[in-house]
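The values are calculated or read from the model by the stated rules, or taken from the named source; none is laboratory data. This one's a predicted model, so the numbers in the text were calculated from it and none came from an experiment. Heads up, the Cβs are rebuilt from the backbone with ideal geometry, glycines too, and the neighbour counts pull from every protein chain shown.
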Amino acid sequence: MRKVLIVTPNWPPISCPDLHRVRTSLAFFSEFDWEPLILKINPDEQEGIKDEQLTKTVSKQTKTWQASCLPKKMMGLLGIKSVGLRSLFHLAQLGNQIIKTESPDIIFFSTTMFPLMVLGRYWHFIHGIPYILDFQDPWVSSYHQNRDSSQRLGGRLKYRLSQSIAQILEPLALRHVSHIISVSLAYTKTLEQRYPHLHPEQFSVIPFGAPANDFELLLSLQIRQSIFDRHDGKCHWVYVGRGGNDMALAITSLFLGIQLDRQHNPEAWQSIKLHFVGTSYATDHRAVKTVEPIAQELGIADLVEEYTGRIPYFEALQILVDSDGILLIGSDDPGYTASKLYPCILARKPILAIFHQQSSVVDILNQCQAGRTVTFKSGDRPEQLLPHLLPQLQWLLSTPKTYQPNTDWQAFQPYTAKEMTRQQCAIFDRCLMPTKLS
């Protein structure tokens, strides 16, 4: 059995989307003749939500190594707070030891701590091992340059500094990469254009796998979510995920549609409550609500509750399962792909998604018949979505609490964690072939 060294700094009990691809793949690697070796960072050095239940999803037989970091207080005086940068030297050293003792065949980076990807080139130079990079988000990007926190002076300067570093490190990391995996076709197209020395065969689009095993485990965990009381007689619609100004078009369209329908049908909305959960990455007073202000402006604030704080992974799944309807809110970035799509489908609840027409979310929902979609294109205004949105709102209002979508599970099969793992392992195999691209 061949071995893959997986650099994934966030690891259970850390609850973070970064680790989703690897964590859901672990159970299937051996079926495709691969043994995973996990290289992570000490979770005590990391901020954010910790979910001890996540550790139950990882086999105790999985070989795992944990790197430490330079002291946060000391490095903070130098302006370096990033856990990725503080752990870079320790990961390099520990990785060298693992390579010498375990002799992995390939190295796979699955993280949004992008600076760590330069270790791929370092280990390739020292040990001659091929490496693969997983782009879950863009590294070099101008998209948020004039948005969100970058509007504030501190945020703008921090963003420009991080992008300046990215413009130096990304070319170094990609110089000798064997393959690039991405969750979005738009990301791969951008990288193909930016790096002409890379060939189309070196790019693959592989979304995160659907975590069916997690829903099976959820039944035995007896998780209690604290967002709403499912037995209070109200109808609870939920959105679990980040907010942000790039989602303002979809949210404004949704709330505008609710405002108009409520004017004509007020009784139908008396029992409806909308919950937006985990909308901010900030863990303290810096968290800013981005949903409730829009609801307030459109006069439906009494229907909407926003919880900016992130919540543990399994509690998020329980919220979906306890809901009467699931909202999926899309970005105005055409390349945005919501990793939360598959848990929403697996929750077997009515889904209403508002997404850019180029997003893969739209195609997947339609193929699997798992929910209703309202699409927009770049430059659209909220009013333009209303003719398509209002009928879908009325559909969601009419669904009983016992409703389950008639999902085409055969069409859903290609998106399962097992199938995504098979595709990853097939790429590992190709990168080891004598004829592989250099």
In the range 321-348, residues that are more than 18 Å from Q369 (Cα to Cα) and part of a helix (DSSP H, G or I) total 2
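Each row is one residue, and each column tells you yes or no for (1) buried (at least 19 other Cβ atoms within 10 Å of the Cβ); (2) in contact with a strand residue (DSSP E or B) (Cβ under 9 Å, 6 or more places away or on another chain).
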site: L217; (1), (2): no, no
site: S226; (1), (2): no, no
site: W237; (1), (2): yes, yes
site: N245; (1), (2): no, no
site: P266; (1), (2): no, no
site: E292; (1), (2): no, yes
site: E297; (1), (2): no, no
Report, by residue number, each residue of the range 29-52 that is modelled with pLDDT under 95 and surrounded by 15 or more Cβ atoms within 10 Å (Cβ to Cβ). N42, P43, E45, Q46, I49, K50, D51
Go through the range 8-54 and give me each residue that's within 20 Å of the chain's Cα centre (by Cα) and either among the acidic types (D, E) or in the same structural domain as Q318 (by TED's automatic domain parsing) (or both). D18, E47, D51, E52
For the range 357-385, give me each residue that is surrounded by 17 or more Cβ atoms within 10 Å (Cβ to Cβ), of a type outside the set (V, I, T) and at pLDDT 95 or above. L365, C368, A370, G371, R372, F376, P382, L385
So in the range 235-253, with the set limited to residues that are at pLDDT 95 or above and not hydrophobic (A, V, I, L, M, F, W, C), which one is farthest from I354 (Cα to Cα)? H236
With respect to L352, is the statement that it is crowded, with 20+ Cβ neighbours inside 10 Å, touching a strand residue (DSSP E or B) at 6+ places or on another chain (Cβ under 8 Å), in a helix (DSSP H, G or I) and at pLDDT 95 or above true? no
Just a yes or no: is a residue in the range 301-310 in contact (Cβ under 8 Å) with a residue 12 or more places away in the chain, under 17 Å from the mean Cα position of the chain (by Cα) and surrounded by fewer than 20 Cβ atoms within 10 Å (Cβ to Cβ)? yes
